[in-house]
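Notes to accompany the following structure.
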Amino acid sequence: MNLHEYQGKQILNSFGVEIQRGIVATTPEEAVAAAKKLTEDTGTGWHVLKAQVHAGGRGKGGGVKLAKSLDDVKRIAGEIIGMDLVTPQTSAEGKRVHQILVTEDVYYPGDSEPEEYYMSVLLNRSTGRNMIMYSTEGGMDIEQVAEETPHLIFHEEIDPATGLLPFQARKVAFNLGLSGKAMKQMTKFVSALVTAYEKSDSALFEINPVLKTSDDKIIAVDAKVSLDANALYRHKDYMEMRDKREENPVEVEAGEVGLNYVDLDGNVGCMVNGAGLAMATMDLIKQSGGEPANFLDVGGTADAERVEAAFKLILKDPSVKAILVNIFGGIVRCDRVAAGIIEAYKNMGNIEVPIIVRLQGTNADIAKKLIDDSGLDVQSAVEFQEAADKVQAVLA
């Protein structure tokens, strides 16, 4: 589950990670009030206004701006709130901005120049261990850094038996070129960051940039946090941070009815029981000259109500030109699935998109006869190749 920047910073700060302080606002008036509050609490004269959407590269799309006065705060807030923010990580339509984060200015003058670093904590899937990935090139796209200057990206793996050791945190600070107070602050920052990542059951913590201020403080200026949805039962308070407005509405609807659905850019909808069979079905569609429009696992209870809900989700996509239903009857009997498909089809009325149904397993022969004798515009298949040929035919 992805979080907004301000939510990620709340989690970081709760584990002792120093952050750039800010207040969320949903109107220009709230933004001005937030700016006044921050000035009282921190003494900051300027403020940074940041669009709160689940996408990176907000600054490139005009979603992060500096305000040097309260008039600027009100004007800029009015420009950002309600805009459709387009970034390198959004669609061409962009994401609607419903709220902004008004933050303190941390790039103040002092004895030294502020410096920006990149840092993230995530799972290294090749080793099965968590790791810290960091670079001196903060504020830049890490993909660009990896491509152009890979030697500037460092990794520090964390042994699950011992956790992050003190020397590893110091090594991170040393590789970033820090010394003195800044090195001590960075060591503390790294240890707190790893603790926050582990204790919150996160899948990713990405801080870009981590800032060394002019007086050698180390703070998180940004926070991209993704929580492990499978561990949310341990964090009831984090579940309340979910913003469904930032998610695909069809995927949200699917989750509410208990279906595993992922929206894709294709022309053939697929309804399958089991994730492995679903992946194979997507391959089948590709080999037949089509493109899968979705991943949809209806699970082991493919009754009429569940099948009807699945059909409705698939048909919400106007690019779908055909639907392939591929069910293996192991736990569930094929004839029950066939009866569910027929009932759902009748309940929905006329479906103009061709439907190919492949049922294999327990009572598959009975299921095929039910489909063939239903009088509905549904094509049955038994073998994988037969289903592929029929998909190819309806797309031709």
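The values are calculated or read from the model by the stated rules, or taken from the named source; none is laboratory data. Fair warning: this is a prediction, and the values are worked out from it, not measured in the lab. As a convention, Cβ positions derive from the backbone with ideal geometry for all residues, glycine included, and neighbour counts pool all protein chains shown.
Annotations
- The helices (runs of 4 or more DSSP H) located wholly in the stretch 233-298 that include 1 or more residues which are over 18 Å from Val320 (Cα atoms), basic (Lys, Arg) and at pLDDT 90 or above occupy 236-239.
- Among the candidates Val320, Val337, Val307, Val325, residue that is assigned to a strand (DSSP E or B), touching a residue at least 24 places away in the same chain (Cβ under 8 Å) and in contact with a helix residue (DSSP H, G or I) (Cβ under 9 Å, 6 or more places away or on another chain): Val325
- Checked against (1) farther than 17 Å from Met83 by Cα; (2) in contact (Cβ under 8 Å) with a residue 24 or more places away in the chain; (3) assigned to a helix (DSSP H, G or I), Val73 passes all but condition (1).
- Among the candidates Leu211, Leu227, Leu277, the residue that is in contact (Cβ under 8 Å) with a residue 40 or more places away in the chain and either among the hydroxyl-bearing types (Ser, Thr, Tyr) or within 22 Å of Gly163 (Cα to Cα) (or both) is uniquely Leu227.
- When residues of the stretch 348-375 are limited to those that are of a type in the set (A, V, I, L, M) and over 34 Å from the mean Cα position of the chain (by Cα), the one surrounded by the most Cβ atoms within 10 Å (Cβ to Cβ): Ala367
- Filtered residues of the stretch 116-143 (kept if modelled with pLDDT of 95 or more and crowded, with 19+ Cβ neighbours inside 10 Å): Tyr117, Tyr118, Met119, Ser120, Val121, Asn130, Ile132, Tyr134, Ser135
- The stretch 158-170, residues that are surrounded by 13 or more Cβ atoms within 10 Å (Cβ to Cβ) and either of a type in the set (Ser, Thr, Tyr) or not in a helix (DSSP H, G or I) (or both): Ile158, Gly163, Leu164, Leu165
- Checked against the criterion of being of a type in the set (Gly, Ala, Ser), surrounded by fewer than 18 Cβ atoms within 10 Å (Cβ to Cβ) and part of a helix (DSSP H, G or I), the candidates Ala146, Ala173, Ala182 yield just one match: Ala146.
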